[in-house]
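Here the structure comes first, spelled out in structure tokens, and everything after it is commentary.
Bear in mind these aren't lab numbers, they're just calculated from the coordinates by the rules spelled out. Everything numeric here is computed off the predicted structure, so don't read it as measured data. Positions of Cβ are backbone-derived with ideal geometry, glycine not excepted, and every protein chain shown enters the neighbour counts.
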Amino acid sequence: MQTLLDFWLHPTAVFAANIMISLGAINAIYDQGLAIPEDISVIGIHDVFIASAFYPPLTTAKMPLYEMGKSQ
């Protein structure tokens, strides 16, 4: 995330592969004095209960892990 923020024109949104990466991205964004979602939106994978504890609450994409691993 820090590398992306170092660009002159930084992204307006990032899609993180998991909640821990989302947390790192959020911290880097706040460290730069930017606001979420006004300056950059953050979206994470895996809709877990902790996502609602973020401020603002983290937007997540739910992954149907059981269904994905179930044999057909």
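Per-residue ellipticity at 222 nm computed for the chain from its helices equals -8500 deg cm²/dmol, with DSSP H segments shorter than 4 residues left out and the rest contributing -39,500 (n - 2.57). For the chain, the longest principal axis of the Cα atoms and the long axis of helix 19-31 meet at an angle of about 10 degrees. Summary of packing: across the peptides 33-46, 3-16, the per-residue average of other C-beta atoms within 10 Å ranks them, highest first, as 33-46, 3-16. A simple spin-label model places the labels of A35 and W8 2.6 nm from each other, with each point 7 Å out along Cα-to-Cβ.
Across the chain, the mean sequence separation of Cα contacts (distance under 8 Å, 6 or more residues apart), normalised by length, yields a relative contact order of 27 percent. For the chain, the fraction of C-alpha pairs farther apart than 19 angstrom is 35 percent.
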